[in-house]
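Following: one structure in structure tokens, then a few remarks.
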Amino acid sequence: MCLNFVIVYLYFCNVFKVVIIGTGNIAFHFSKVILENNNLKLCQIIGRQKKIDQEFEEKIDYENNIKKIKPADLYLICVSDNAIQSVSNKIEKNSSSIVAHCSGSTDIEILSNHENYGVIYPLQTFSKNREIKFSDLPILIESNNKKTLKKLDFFCKSLSEKIIYCKSNQRVFVHISAIFSNNFGNYLNVVSQKILKSNKLDTKIILPLIKETADKLFDLDAKDSQTGPAIRNDDETIKKHLHLLKNSEFFELYEILSKSILKNRNEL
């Protein structure tokens, strides 16, 4: 354990208290990992739904009314981007507390009505029915002052070994990158499964290919892993596929992606 972390830990010898606002996927996983950490205390979860997830029912205080929010060192806003500001405005200003959001695209200054504020953006895809290993998960953090950054650093280092200091104008490009890799990438797998299903084929037949595609990224740059008819400029195969997809909702998607690869093939 590095000396700086020990100093910060001793500085925060009292348990670091957290209130989570939100009940979605990110809120669920943050709640879970905080409850497992002896350096942190999850005091409360605030949400709109009537009941909390069954996993937390007997472990944590749950409240629908944000006016009944408990005192904490950190108020972590885990809600949709368009709800962050309205939630922030409902949290009473407190010079000893930090208010932070978890959004990749939302600027830190949306919380500027508070004295101490920041961003804690975990770079991962979250689903409630999937375990997440926080210890090797990149967490991007930002704050409006050094004192707050030190506290956010302590909180995040209690969860992960990979902490990255990143300003809002950089973080948004990390988020765009994540959209391409994860959201769009997964949607293309949805398309693959739909095409297989519509042709009465087992959707699991594609899984080894998906796994190898992901595994290669740990050994090769993505540009060095690109294969397929577009990178080979195999016009005959592309035309055949487009002909088979001519009445499909995915015709345009196949065409656009193929043209993009062809356009950039000299850089791949």
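The values are calculated or read from the model by the stated rules, or taken from the named source; none is laboratory data. It should be emphasised that the depicted structure is a prediction, and the values quoted were computed from it without experimental measurement. Note that we place each Cβ from the backbone using ideal geometry, even for glycine, and neighbour counts take in every protein chain shown.
Figures for the structure shown
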quantity: Residue in region 196-203 that is charged (D, E, K, R) and exposed (fewer than 11 other Cβ atoms within 10 Å of the Cβ) present; calculated: yes
quantity: All positions within region 48-91 that are among the small types (Gly, Ala, Ser) and either closer than 15 Å to residue 17 by Cβ or at pLDDT below 95 (or both); calculated: 72
quantity: Residue 248 vs. criteria part of a loop (DSSP other than H, G, I, E, B), surrounded by 15 or more Cβ atoms within 10 Å (Cβ to Cβ) and modelled with pLDDT of 95 or more; calculated: yes
quantity: Subset of region 30-57 (residues that are within 21 Å of residue 131 (Cβ to Cβ) and out of contact with any helix residue (DSSP H, G or I) (no Cβ under 8 Å at 6 or more places or on another chain)); calculated: 30, 34, 36, 37, 38, 52, 54, 57
quantity: Close pairs (6 angstrom Cβ cut-off, 6 or more residues apart or separate chains): in a loop (DSSP other than H, G, I, E, B) in region 111-124, at pLDDT 95 or above and of a type outside the set (Val, Ile, Thr) anywhere; calculated: 123/138; 124/137
quantity: The lone exception for residue 214 - which of (1) of a type in the set (Gly, Ala, Ser); (2) farther than 24 Å from residue 81 by Cβ; (3) in contact with a Phe, Trp or Tyr (Cβ under 7 Å, 6 or more places away or on another chain) it fails; calculated: (3)
quantity: Single condition residue 73 does not satisfy, out of (1) surrounded by fewer than 21 Cβ atoms within 10 Å (Cβ to Cβ); (2) over 21 Å from the mean Cα position of the chain (by Cα); calculated: (1)
quantity: Residues (surrounded by fewer than 20 Cβ atoms within 10 Å (Cβ to Cβ), over 15 Å from the mean Cα position of the chain (by Cα) and in a loop (DSSP other than H, G, I, E, B)) located in region 92-110; calculated: 92, 93, 94, 95, 96, 107
quantity: Failed criterion for residue 207 (all others in (1) of a type in the set (A, V, I, L, M, F, W, C); (2) in a helix (DSSP H, G or I); (3) in contact (Cβ under 8 Å) with a residue 24 or more places away in the chain hold); calculated: (3)
quantity: Flag for residue 135 being in a loop (DSSP other than H, G, I, E, B), surrounded by fewer than 16 Cβ atoms within 10 Å (Cβ to Cβ) and among the hydroxyl-bearing types (Ser, Thr, Tyr); calculated: no
quantity: Residue 79 being crowded, with 22+ Cβ neighbours inside 10 Å, among the β-branched types (Val, Ile, Thr), part of a strand (DSSP E or B) and free of Cβ contacts under 8 Å to residues at least 60 places away in the same chain; calculated: no
quantity: Single residue of 201, 159, 152, 220 found to be in a helix (DSSP H, G or I) and not β-branched (Val, Ile, Thr); calculated: 152
